[in-house]
Each structure stands twice: as C-alpha cells, then as structure tokens.
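What follows is a single structure, written as structure tokens, with notes after it.
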Amino acid sequence: SSSSSSSSSSPSPPPSSASRSTSSPPPSSSPPFWPSTTTSASGYSPPTLLRFLGRPTSPSPKSLLLRFMGYTAPFDRHDWIVLRTRPPLPHERLYLGEGAMVREECRYVVDFYQGGGGGCYVDARPAVDGVAQVLERVWMRK
C-alpha cells in the first residue's frame, strides 16, 4: 500500500461518477454538515477519502463473475483509498493490547450499475488484496 500524506483533517465528499483520474480530497475548509474528525470515546475516527481512481474499462472480479452469471456489467468502476479506524484483529491484540485501535489505508472497490428510472445501484466493498483481507472478513462477520 502506498503512503500518502494528507494534511486535511476532515472527511472528503465522495467523488462524482464522471471523474476518471486520480484525485485528492478538497482543502480542509469542509462544509459544516460533515461530522467532526475528533476521535470518539470508543476510539473510532471517521473514515477519510485519501484518493480515488476511476477505472471504467477494468472490471472487478465480482462484476466479471456476475456478468458470467447473466447480469449486466457495471457502467463504471472506482477504486477508493480510505483511511479508516478499526478494532484490532485477534492476532493484533497480542501486541497492541486491549482497547487499541488500528488506523490504516484500505482500498474499496466501487461498481456502478444502471438502475431503473435513471438512477444507479452502487456495489461498494473492501478489496480483497491478500490473505489479511480474507481473514479480516471472516473475523469481522462474527
């Protein structure tokens, strides 16, 4: 995962589906309706969009499987890199201790499908880039 420094202390609004290039969050002057970025008593900080990449010609594995099963292909795809806070996985608690929180970059795959009435359906999920992401999904579903 590539490291990126972000001086913005507030969450960024989601990108428009018309964007096709790597983008950075807007300046820190965020609208007043965005939630506070201070860490709550539970230790969570709100997720922050670091960057995204429009990939309309690169289908995700899930969209390829759905297409093979007869569903329509998405009309657009984005990869979002999000800075998020999560509780540690069981093996991480051994060296982080109870109550610690993990702040990490996570890639999300976002597929956009044509919906009825001019709308669209959005299928967003964390990318499975390796064994750690598979284990995270197994442990987080309990």
* Asked: Of these, P74, P25, which one is more than 27 Å from V134 (Cα to Cα) and either modelled with pLDDT of 80 or more or surrounded by 12 or more Cβ atoms within 10 Å (Cβ to Cβ) (or both)?
  -> P25
* To do: Looking only at segment 49-71, count how many residues are closer than 14 Å to V110 by Cβ and open to solvent by less than 40 Å² (accessible area, probe 1.4 Å).
  => 6
* Asked: For segment 94-140, how many residues are of a type in the set (F, W, Y), open to solvent by 40 Å² or more (accessible area, probe 1.4 Å) and outside any helix (DSSP H, G or I)?
  -> 2
* Asked: If you take the residues in segment 69-93 that are in contact with a helix residue (DSSP H, G or I) (Cβ under 7 Å, 6 or more places away or on another chain) and part of a loop (DSSP other than H, G, I, E, B), which one is nearest to L50 (Cα to Cα)?
  -> P88
* Asked: List, please: which pairs have Cβ atoms under 6 Å, are six or more places apart or on different chains, and start with a residue in segment 87-105 that is closer than 14 Å to Y44 by Cα and end with one that is hydroxyl-bearing (S, T, Y) and not in a helix (DSSP H, G or I)?
  -> M101/T85; R103/T85
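The values are calculated or read from the model by the stated rules, or taken from the named source; none is laboratory data. None of these values were measured; they are calculated from a predicted model. FYI the Cβ positions are ideal-geometry reconstructions off the backbone, even for glycines, and counts take in every protein chain you see. Heads up: the accessible areas ignore ligands, DNA and RNA and are worked out on the full protein's heavy atoms, side chains in. Shrake-Rupley method; radii C 1.70, N 1.55, O 1.52, S 1.80 Å.
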